[in-house]
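This report refers to the structure that appears directly beneath it.
The values are calculated or read from the model by the stated rules, or taken from the named source; none is laboratory data. The structure displayed is predicted, hence computed values, not measured ones. Note: ideal-geometry Cβ built from the backbone for every residue, glycine included; neighbour counts use all protein chains shown. Heavy atoms of the whole protein, side chains included, go into the accessibility calculation; ligands, DNA and RNA do not. Shrake-Rupley method; radii C 1.70, N 1.55, O 1.52, S 1.80 Å.
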Amino acid sequence: MATIAIIGTGYVGLTTGACFSHLGHDVVCADIDEEKVARLRIGEIPIVEKGLDRLVDEGIRSGTLRFVVGAAEASKSAEFHYLCVPTPQGADGAADLSYLEGAAAEIGPVLPDNSVVVNKSTVPVGSTRVVSRVLGRSDAAVVSNPEFLREGTAVADFLQPDRVVIGSRDAEAAIRVASLYARIAAPVMVTDPVSAETIKYASNAFLASKLSFVNAIATLCEAVGADVNDVVLGMGYDSRIGREFLRPGPGWGGSCFPKDTRALANIAKEAGYDFRFLDEVLRVNDDQFDRTAQKVLDAIDPSMVDTHIAALGLTFKAGTDDLRESPAVEILRRVRSAGIRVKAYDPAVVPDDNRLVEMYPDLDIELASDPYAAAEGASMMTILTEWDEFTGLDFDKMAEIMLGKTIVDARNLLEPSIPRRRGFVYRGVGR
Ligand code: UDX
């Protein structure tokens, strides 16, 4: 059992802390937000994440998971120090390291001898060196151990990962970090810090590229009359391509892909390589937002332009309440710019949830408490997030209450024959 300090209790920090405590380690999580810490201490979790509440509860009860205010408080008696602070995108597209440097500066003076400081946040290539310098502790090893957690399945991704990547120049420190994962059955790969940091960015940028490619193929399918669902099924049988991450949609988003893809383009530029491929991946994604918004606008009968549209889904994907860089918001922003009113429903964003207004003050859409309230009197309906509950909608009822009869299903979620049988015109992506 090791003693671990987790600095930052966002998605990554909280999941990492709860999972390490579940694996039998003694974990102290620190945050600067006093109110958040007070709530975490009584097991109140600020995010929607499957299985996380159970692990936090289990850790609090057994005393192996504690929450404190301030990084120094957590670090003063730990052996491992996981930096899980945000690395937001700065004005120039590069990641902003001020939180990371701030955390390192705070824990440097209090670290017990021979501590291991671990970068878990997605940090630009070369950041272990920055952390080392700011820590000012020659006895402390700084190791990169990137996360590959998806929101919504973060706990499962942590406990059953495809791989654990450790970047360290110090073999002993790498072995110590690897031992934290001893109860996890996954390949552990040890490399140098720069390669570990590159693995993280390259993985996310590759997945984003795969999605832009699939969305471009969906556009091609529409142009030539092919069905993208069959096309990706046929492609996915090839083990070199794989089945995962081939679902076309309204464009990809979330707190990682857009930020990390832009950051990697920036890292490359600064290193003297013009990674134009990534610029194009980002541009294809923007085009996908434009194209989806246009599909929505085209579906509105000209006699109904003064009527609202019904938008189902606001989060950047299903299974999370996260609205950051949400494709749904991107589409609705464009629809709003065309002067169309929007009533939206999302199971994770209830009408009195003011996060949407705080994050997107200019969006100006109305929130509904259920899909039917959004659809009542609507000129059309668009599905923007792939929530399971939308597959069970009662289209007989929808046909009665909606004014227009077109559905733009930007996630290919519905079986087209179901709304069509009720007289709807159905438009999916790439089919
Ligand atoms: C991602 C990475 O998957 C994870 O490894 C990394 O550590 C953090 O970033 P996450 O942001 O939670 O995780 O979302 P992910 O499930 O990867 O989806 C990203 C976006 O791609 C979403 O907008 C999603 O809707 C979209 N997507 C995903 C598709 O459009 N089609 C797919 O087949 C898969």
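Some values worked out for this structure:
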item: 5 angstrom amide H check on V68, placed H, neighbours 5+ away; result: C29, A30, D31
item: Residues of type lysines that K269 reaches as a straight line, Cα spacing below 26 Å, ignoring anything fewer than 8 places off in the same chain; result: K120, K200, K210, K259
item: Sequence-distant residues sharing a close amide H with V165 (under 5 Å, placed H); result: M189
item: Average Cα contact separation per residue, the stretch 291-431, under 8 Å, 6 or more apart, as relative contact order %; result: 26 percent
item: Whichever lysines have a C-alpha closer than 18 Å to that of K295, once near sequence neighbours (fewer than 8 apart) are set aside; result: K343, K405
item: Spatial separation of Cα centroids for the stretch 354-395 and the stretch 76-114, in angstrom; result: 38 Å
item: Using a Förster distance of 41 Å, the FRET efficiency for D227-A105 (Cβ separation, nearest 0.05); result: 0.15
item: Aspartates and glutamates whose Cα lies under 19 Å from that of K36, excluding same-chain neighbours fewer than 8 positions away; result: E44, E49, D53, D57, E58, E73, D321, D322, D353, E358
item: Percent accessible area from carbon and sulfur atoms, the chain, protein chains only, probe 1.4 Å; result: 52 percent
item: Accessible area of the chain divided out per residue, in Å², using a probe of 1.4 angstrom; result: 44 Å²
item: With all protein chains modelled, accessible area of C29 [1.4 Å, Å²]; result: 0 Å²
item: Dipole in debye (nearest 20) - the stretch 3-189, about Cα centre, beta carbon charges: Lys, Arg +1; Asp, Glu -1; result: 380 debye
item: Cα-Cα pairs of the chain separated by more than 36 Å (percent); result: 33 percent
